[in-house]
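To start, the structure itself, in structure tokens.
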Amino acid sequence: MKRVVYPVIAIMLIVASSFTAFFSQEWKIADKSFVKFDGGDPSGQFTGVRGAISFDPNDLANSKFVDSIDVATINTGNGMKNTHAKSEKWFDAEKYPTIIFASSAISKTATGYEAKGMLTMHGVQKEVVIPFTFDNNVFKGSIMVNRLDYNINTAEPNHGASNLKVDIEVPVTK
């Protein structure tokens, strides 16, 4: 009987500790998160990143991002441009209210990490790789995005920049 009980107790402890490790990697997104974009014209930012972040630098295989941002939070610094950006011609916020990133793999790099996954914007999904760092409970990343790849104002491809630098900053708490 003792031969069965001790291994069962050991297995239960291992399983319980693995759940503790799993849950300890969950992060809450702080209020001051944002996604800035800059192509000269247009430029601005979205605020209020929402979603789930499971990140453990020691367990990247089980780390994952599934996050979104409301298109309606766009702020270009100009009320008329904000309205225009939310219209059918650009983001079509009514039909496509969110921009979503869902990672499929996270890996270590020489300068930090990179998240590979699907970026969904304006009804179009594209696989992207976002290089990022994680310091002092803040995720920071940057990526180039071509708005035409996501069918954003394809009727006027020369109206504003097509390639936009996108900077992401997401402070988190446990």
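The values are calculated or read from the model by the stated rules, or taken from the named source; none is laboratory data. Everything numeric in this text was worked out from a predicted model, so none of it was measured. So basically every Cβ, Gly included, is an ideal-geometry build from the backbone, and we count neighbours across all protein chains shown. Surface accessibility is based on the protein's heavy atoms, side chains included, excluding ligands, DNA and RNA. Shrake-Rupley method; radii C 1.70, N 1.55, O 1.52, S 1.80 Å.
Restricting to the stretch 120-173, count the residues that are touching a residue at least 24 places away in the same chain (Cβ under 8 Å), open to solvent by 40 Å² or more (accessible area, probe 1.4 Å), out of contact with any Ser or Thr (no Cβ under 8 Å at 6 or more places or on another chain) and not in a strand (DSSP E or B).
Qualifying residue count for the region: 5.
What are the pairs with Cβ atoms under 6 angstrom where one residue, in the stretch 57-79, is farther than 15 Å from S43 by Cβ and the other, located anywhere, is among the charged types (D, E, K, R) and modelled with pLDDT of 95 or more? Sequence gap at least six, or different chains.
S63/D56; S68/R50
For the stretch 34-72, give me each residue that is under 23 Å from K95 (Cβ atoms), open to solvent by less than 40 Å² (accessible area, probe 1.4 Å) and within 16 Å of the chain's Cα centre (by Cα).
To start, the set of residues in the stretch 34-72 that are under 23 Å from K95 (Cβ atoms) comprises 35, 37, 39, 42, 44-51, 66-72.
Narrowing further to those that are open to solvent by less than 40 Å² (accessible area, probe 1.4 Å): 35, 37, 39, 42, 44, 46, 48-49, 67-69, 71.
Passing the criteria: V35, F37, F46, G48, V49, D67, S68, I69, V71.
If I filter the stretch 1-50 down to residues being β-branched (V, I, T) and assigned to a helix (DSSP H, G or I), which single residue comes out as modelled with the lowest pLDDT?
Pass one, the stretch 1-50, residues β-branched (V, I, T): 4-5, 8-9, 11, 14-15, 20, 29, 35, 47, 49.
Next, from what is left, pick out any that are assigned to a helix (DSSP H, G or I): 4-5, 8-9, 11, 14-15, 20.
Values: V4: 46, V5: 43, V8: 44, I9: 45, I11: 44, I14: 43, V15: 43, T20: 38.
Ranking the candidates gives T20 first.
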